[in-house]
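See below for the structure under consideration.
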Amino acid sequence: MTDGAAGWGRPGPALTELNRTYWTSGAEGLFRLQRCPECERLIHPPALRCQRDHASPEWATLSGRGVVESWTVNRHPFYPGFPDPYVIAFVNPIEDVRTRVLTNLVNIDPDDIAPGMPVRVRFESDDENVVFFPLFAPDDR
Ligand SMILES: [Zn+2]
């Protein structure tokens with residue numbers, strides 16, 4: 001789905017029944033991930049079953065706060081209209097820091113990023129206001 005992002009250039013996901021809640025909850029300003037009702041782990045990317053106990057995950061609304069686990073700075077222009085450099089990162093939601101969310105860090109100088117740094121979700125929508133990309137910026141609170 002790159003045609004809808006013509007003005008911006010960020011390649012978007014193919015929405016499915018399984019991932020739609022993750023990619024569209026930002027329209028309501030909400031950050032949602034799946035949670036297992038049995039072991040209470042967060043599950044990401046969205047899955048039909050918990051890998052540990054095969055329970056059916058439920059969607060949970062989270063605080064949107066997390067910590068940076070790891071990151072890399074991309075300096076290669078893979079997509080026209082999507083300027084480099086940009087930061088690709090794994091962020092761990094504070095509700096379950098074992099969970100990894102692959103995302104971009106924004107509003108930060110790459111030299112200022114540190115492991116464990118607190119971050120907070122912010123959303124950027126595609127041109128149609130359908131997909132709301134969960135991105136993370138430094139959490140000043
Ligand atoms: Zn489970």
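The values are calculated or read from the model by the stated rules, or taken from the named source; none is laboratory data. Everything numeric here is computed off the predicted structure, so don't read it as measured data. Reconstructed Cβ throughout: ideal geometry from the backbone, glycine too, with neighbour counts over all protein chains shown. For accessibility, only protein heavy atoms count, side chains too; no ligands or nucleic acids. Shrake-Rupley method; radii C 1.70, N 1.55, O 1.52, S 1.80 Å.
Filter segment 91-117 for residues that are under 15 Å from the mean Cα position of the chain (by Cα), over 18 Å from F132 (Cα atoms) and open to solvent by less than 80 Å² (accessible area, probe 1.4 Å) and give the result.
N92, I94, E95, D96, T99
Filter segment 8-24 down to the residues that are surrounded by 13 or more Cβ atoms within 10 Å (Cβ to Cβ) and either modelled with pLDDT of 95 or more or in contact with a strand residue (DSSP E or B) (Cβ under 6 Å, 6 or more places away or on another chain) (or both) and list them by number.
L15, L18, N19, R20, T21, Y22, W23, T24
Scan segment 118-141 for residues that are assigned to a loop (DSSP other than H, G, I, E, B) and surrounded by 15 or more Cβ atoms within 10 Å (Cβ to Cβ) and jot them down.
So in segment 118-141, the residues assigned to a loop (DSSP other than H, G, I, E, B) come out as 126-131, 139-141.
D126, V130, V131, D139 - these are the residues of segment 118-141 that are assigned to a loop (DSSP other than H, G, I, E, B) and surrounded by 15 or more Cβ atoms within 10 Å (Cβ to Cβ).
Of the residues A5, A27, A47, only one is modelled with pLDDT of 95 or more and open to solvent by less than 40 Å² (accessible area, probe 1.4 Å); which?
Numbers: A5 fails: modelled with pLDDT of 95 or more; A27 fails: open to solvent by less than 40 Å² (accessible area, probe 1.4 Å).
Only one candidate qualifies: A47.
Inside segment 50-73, can you point out the residues that are open to solvent by 20 Å² or more (accessible area, probe 1.4 Å) and under 30 Å from D109 (Cβ atoms)? If you could, list the steps in order and put the result at the bottom.
The initial filter retains those residues of segment 50-73 that are open to solvent by 20 Å² or more (accessible area, probe 1.4 Å), namely 51-54, 56-59, 61, 63, 65, 67, 69-73.
Matches in segment 50-73: S63, R65, V67, E69, S70, W71, T72, V73.
Which of the residues belonging to segment 84-134 are among the aliphatic types (A, V, I, L, M) and in contact with an Asp or Glu (Cβ under 6 Å, 6 or more places away or on another chain)?
V119, the sole residue that qualifies.
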